[in-house]
Amino acid sequence: MRFGNGFFASLAIGAIWGAVWMIVVSITFMLVSGAITTPPVGAATLAGLVAGGILMAFPPGARTPGVRIAAAVAIFGVLGLLTLGQPLGLPLSAVPAYQIVAIALVVGLIWISIHLCVKGLAGAGLPRYQMEVLFIRLMKGLGFVLFTIVVALPFYVMVMTSLKSQQSLLANPLDFSLDLAQGPQALFRSYIELFTQFHFGTFLVNSAIVSVVTVFLTLLFSVPGAYAVSRLRFPGQAFLSRSILLIYMVPAIVLVIPLYAVFSQIGLRNTLTGLMVVYPATTIPVALYMLQGYFRGLPAELEEAGLMDGLTRFGVIMKITLPLSLPALASVALYVFMIAWNEFLFAFMFLDNIDIFTLSRGVVSLNSSEVPRQHLMAGAVVATVPVLVIFLWFERFLVSGLTAGSVKG
Amino acid sequence: MTDTATPPKGVGPLARREMRLAYAMLLPTFAIVIAIVLGPLLANFWISFKPVQLGDLRPAVLVANERLRGDLAAAGDRAAIEYRVRNSSRDNAIGDVGFTDTLPAGLVVGALDERCSVSDEVLTCAFGDIEGGFRDRVRIEVIAEAAYIADPVNPRDSKPIISGDADNILTSTEFTLENFTRIFSSDEFWHILRVSMYYTIFGTAGALVLGLFAAQLLNTVFPGRGLLRGLFLFPYVAPVIAVAFTWVVLLDPFSGTLNSILLQMGAVDEPISFFGQRSVPISFLGLTFEFPVALTTVIAFEAWRYFPLSFLFILARMQSISTDMYEAAEIDGATPLQQFWYISLPQLMGILAVLFLLRFIWTFNKFDDIFLLTGGAAGTRTLTVDVYEQAFAVSNLGAGAAVAVVVFIVLLSFSLLFFRFSPKDEG
């Protein structure tokens with residue numbers, strides 16, 4: 001057995017995973033249990049290093065279950081010894097159930113990460129190819145951990161803050177443990193108050209009306225437009241099919257002053273109708289662009305056959321084109337719904353009257369020092385959940401539709 | 001026969017019909033886009049040359065308040081209907097002002113203000129041209145008849161109908177360059193422009209790099225991949241208000257979770273005010289830099305929120321790269337990083353260029369994110385936030401529109417530059 005590049009790489013990999021998992025698990029432990037600790041990152045680094053050494057000391061074929069168990073035991077042992085029996089920096093008597101789970105997680109995750117990184121690789125004489133494989137495995141693993149945390153942490157904080165009280169949050173901002181004993185009435189107090197005192201029921205209905213009407217109007221306008229651009233020959237067709245997206249590049253902030261001025265004068269400003277005029281206008285170009293890309297991909301022969309058999313153009317669109325392009329219609333509808341639901345600028349500028357606030361506008365009105373923070377976060381959750389649920393339901397359509405327009409081959 | 005078949009010239013009736021149909025189908029789209037996008041775009045140029053304040057949007061009008069003075073208890077009682085009239089604007093004159101009002105049945109008009117006349121129970125008053133800040137009272141003496149006592153109607157039930165022509169500043173032909181001189185001469189403007197560029201360039205680059213990384217992660221098949229892909233799209237799908245306020249709460253210097261974590265880990269000695277601190281000095285190799293904290297944080301937010309979009313497009317493109325190339329490279333002994341550098345990256349160049357262009361423009365246009373995170377404070381004010389500040393916080397619509405013109409012109413020059421130098425076959 002020689003100790004070469006692979007072995008030293010494995011030591012480094014073990015050390016990195018030891019530090020990373022100790023930080024990640026102990027923060028999670030603090031957030032979930034409410035206990036406070038300073039995690040022994042150094043000890044975990046050493047423990048990982050030792051485990052990396054043990055696994056790599058044997059050639060891939062000789063890493064028997066015994067060797068693997070020895071590595072796991074080594075992580076646990078080194079961690080326990082270096083921290084004098086306090087593997088998370090806390091006496092074991094404090095929140096023991098959480099601690100046991102957390103320690104098991106730390107040891108298990110460090111062990112499996114190192115194992116997956118060095119799997120099938122020998123300790124010495126690795127060529128560049130194998131060293132790069134090792135490096136890529138480490139980067140991918142770190143990438144997964146990092147991306148998942150960075151994406152999930154804000155949403156976790158959002159949901160948990162909405163279920164806490166202002167006092168407990170100020171006392172310990174790390175404590176997201178839930179007091180389930182207080183009963184659902186107290187747990188969901190913020191939500192109940194939003195719907196009873198802050199008119200969030202109305203906002204929800206307003207947002208739904210505006211978004212659904214926007215989707216409907218956008219499809220009504222963009223389907224014939226996209227059909228004309230993709231199927232009919234007329235001067236300017238090529239120019240239109242390429243330049244329609246340019247409209248989508250016009251910044252909303254440039255439009256907001258004139259629209260504000262004009263809508264104020266004609267009485268459309270403080271109305272939902274005003275929003276239902278502006279939103280479709282901004283989404284039609286992009287919907288038209290996405291749809292014409294899809295229509296172009298449908299075989300024209302089907303439509304020609306329909307025309308030969310005596311269908312009118314309208315009949316062809318209704319009976320042939322639209323049924324064939326249901327996935328594209330769904331994705332466009334979903335995308336437009338998302339834009340309308342999430343829109344902030346125009347809702348913020350146009351709506352003054354609390355009865356016609358949309359959710360975006362309503363949540364902004366919660367952002368004041370008089371409203372507790374958990375109400376703001378509860379409002380954010382109320383605004384997020386419908387669009388996320390709809391999105392996850394139809395995710396497949398959205399992904400294929402969003403990428404269909406411009407990505408070819 | 002000398003006739004030979006010649007191909008038809010010009011536009012045939014069939015083609016013309018198709019053309020008409022196409023235009024008819026596109027007409028509604030044209031109409032709404034012109035009304036809501038192109039029209040306002042031009043109107044914005046118009047407003048930027050006008051000395052118009054937010055308050056000028058409500059044109060000056062005559063305001064008339066009516067009340068009955070005296071008691072009408074029995075037939076023959078006398079009382080007066082008093083109109084208090086004023087100009088709603090302190091500064092702007094109104095021309096040819098007057099009002100008409102219907103008097104309740106059964107009231108006989110006694111002494112009349114000389115500016116008013118009555119015919120068929122309709123009172124008409126005319127004031128001619130009035131100045132800004134104009135205030136006056138008009139008294140109409142009335143005598144009750146039996147009919148009124150039997151069926152008394154409060155005179156206030158009929159609202160006076162106002163007439164008058166006020167100058168609408170938006171439609172007048174008064175122009176000024178003051179808006180532009182004001183914004184270009186302020187010291188802040190060049191700083192704002194620079195911040196906009198930093199935000200756009202680094203925000204775009206960050207979103208692209210993160211997207212590329214995330215796409216690499218999910219370009220292999222493993223259990224839970226669909227779940228992770230859904231999760232990675234969350235920041236893009238969630239409403240901007242929700243995620244922006246969550247970041248504000250998460251990064252709060254006093255009660256924010258992130259600062260507590262950093263303190264607990266011993267990474268920092270005192271909490272960092274991520275959105276409130278303009279810059280911190282950082283010494284590196286003997287040189288001291290001013291590191292912009294708030295600007296970096298909003299750029300990080302931008303990259304976080306929009307990496308899912310580039311991730312989706314890059315992943316879709318990656319999955320369409322033929323595996324033959326990788327197999328050939330494998331046989332030739334190319335290492336994984338070489339395969340990425342010499343095969344994946346060149347194949348992805350097209351989509352990366354398109355994404356860069358689109359995201360660059362959209363990031364430059366972005367308003368909501370910075371507005372919600374910092375409100376443009378602590379050195380994060382971009383041009384788009386400045387439009388809002390000038391137009392609605394300072395209430396100078398004209399100056400706001402002037403900044404919007406700058407936004408549009410910068411955008412236009414970038415677009416032209418991009419389209420001039422971008423590869424022709426992509427898009």
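The rows are residues; the columns are (1) within 13 Å of chain B (Cβ to nearest Cβ); (2) surrounded by fewer than 16 Cβ atoms within 10 Å (Cβ to Cβ).
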position	(1), (2)
A:Leu170	yes, yes
A:Leu187	no, no
A:Val205	no, yes
A:Leu217	yes, no
A:Ser222	yes, no
A:Tyr227	yes, no
A:Ser241	yes, no
A:Leu246	yes, yes
**Request:** Name every residue in the range A:7-40 that is open to solvent by 40 Å² or more (accessible area, probe 1.4 Å) and facing chain B (nearest Cβ under 9 Å), in order of residue number.
**Result:** A:Ile23, A:Ile36, A:Thr38
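Where in the range B:170-245 are the helices (runs of 4 or more DSSP H), entirely inside, with at least 2 residues that are within 12 Å of another protein chain (Cβ to nearest Cβ)?
Details: elements: B:178-185, B:188-217, B:225-237.
Answer list for the range B:170-245: B:188-217, B:225-237.
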**Asked** If only one of A:Thr28, A:Thr37 is among the β-branched types (Val, Ile, Thr) and outside any helix (DSSP H, G or I), which one is it?
**Response** A:Thr37
**Request:** Scan the range A:281-296 and give yes if some residue there is free of Cβ contacts under 8 Å to residues at least 40 places away in the same chain and surrounded by 16 or more Cβ atoms within 10 Å (Cβ to Cβ), otherwise no.
**Result:** yes
**Prompt:** Any idea how many residues of the range B:373-400 are open to solvent by 20 Å² or more (accessible area, probe 1.4 Å) and at the interface with chain A (Cβ under 8 Å from one of its Cβ atoms)?
**Reply:** 2
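Which ones in the range A:320-343 are over 19 Å from the mean Cα position of the chain (by Cα) and surrounded by 13 or more Cβ atoms within 10 Å (Cβ to Cβ)?
Residues of the range A:320-343 that are over 19 Å from the mean Cα position of the chain (by Cα), as a first pass: A:320-330, A:332-333.
The answer is A:Ile320, A:Thr321, A:Leu322, A:Leu324, A:Ser325, A:Pro327, A:Ala328, A:Leu329, A:Ala330, A:Val332, A:Ala333.
If we keep just the residues of the range A:122-134 that are outside any loop (DSSP other than H, G, I, E, B) and touching a residue at least 60 places away in the same chain (Cβ under 8 Å), which is nearest to A:Gly52 (Cα to Cα)?
So, considering only residues that are outside any loop (DSSP other than H, G, I, E, B) and touching a residue at least 60 places away in the same chain (Cβ under 8 Å), the one nearest to A:Gly52 (Cα to Cα) is A:Leu134.
Just the residues that are within 13 Å of chain A (Cβ to nearest Cβ), part of a helix (DSSP H, G or I) and open to solvent by 60 Å² or more (accessible area, probe 1.4 Å), please, taken from the range B:315-335.
Going through the range B:315-335, the residues within 13 Å of chain A (Cβ to nearest Cβ) turn out to be B:315-322, B:329-335.
In the following step, the residues that additionally are part of a helix (DSSP H, G or I) were identified as B:315-319, B:329-331.
Residues satisfying the conditions are B:Gln319, B:Glu330, B:Ile331.
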**Asked** So how many residues does the range B:279-309 have that are open to solvent by 80 Å² or more (accessible area, probe 1.4 Å) and under 18 Å from B:Ile361 (Cα atoms)?
**Response** 0
**Item:** Unmet criterion (only one of (1) on the phi > 0 side of the Ramachandran plot; (2) open to solvent by 70 Å² or more (accessible area, probe 1.4 Å)) for B:Phe213
**Value:** (1)
**Asked** What number of residues within the range A:27-38 satisfy the criterion of being among the polar types (S, T, N, Q) and under 14 Å from A:Ile100 (Cβ atoms)?
**Response** 1
**Item:** Subset of the range A:142-175 (residues that are in contact with a Leu (Cβ under 7 Å, 6 or more places away or on another chain) and in contact (Cβ under 8 Å) with a residue 12 or more places away in the chain)
**Value:** A:Val157, A:Thr161, A:Leu163, A:Leu174
**Asked** Is there a residue being open to solvent by less than 30 Å² (accessible area, probe 1.4 Å) and farther than 28 Å from B:Phe49 by Cβ anywhere in the range A:264-278?
**Response** yes
**Message:** Taking the conditions exactly as written (open to solvent by less than 20 Å² (accessible area, probe 1.4 Å), more than 29 Å from B:Phe421 (Cβ to Cβ) and of a type in the set (A, V, I, L, M, F, W, C)), does B:Leu348 satisfy them or not?
**Reply:** no
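Open to solvent by 50 Å² or more (accessible area, probe 1.4 Å), within 11 Å of another protein chain (Cβ to nearest Cβ) and touching a helix residue (DSSP H, G or I) at 6+ places or on another chain (Cβ under 7 Å), is that true of B:Leu312?
Values: open to solvent by 50 Å² or more (accessible area, probe 1.4 Å): no; within 11 Å of another protein chain (Cβ to nearest Cβ): yes; touching a helix residue (DSSP H, G or I) at 6+ places or on another chain (Cβ under 7 Å): yes.
So B:Leu312 fails the test.
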**Prompt:** List pairs: first in the range A:248-270 and within 7 Å of chain B (Cβ to nearest Cβ), second of a type in the set (Lys, Arg), Cβ under 8 Å, 6+ apart or cross-chain?
**Reply:** A:Ser264/B:Arg58
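The values are calculated or read from the model by the stated rules, or taken from the named source; none is laboratory data. Everything numeric in this text was worked out from a predicted model, so none of it was measured. All Cβ positions, even for glycine, are placed from backbone atoms using ideal geometry, and neighbour counts span all protein chains on display. We work out accessible area using only protein heavy atoms, side chains counted, and drop any ligands, DNA or RNA first. Shrake-Rupley method; radii C 1.70, N 1.55, O 1.52, S 1.80 Å.
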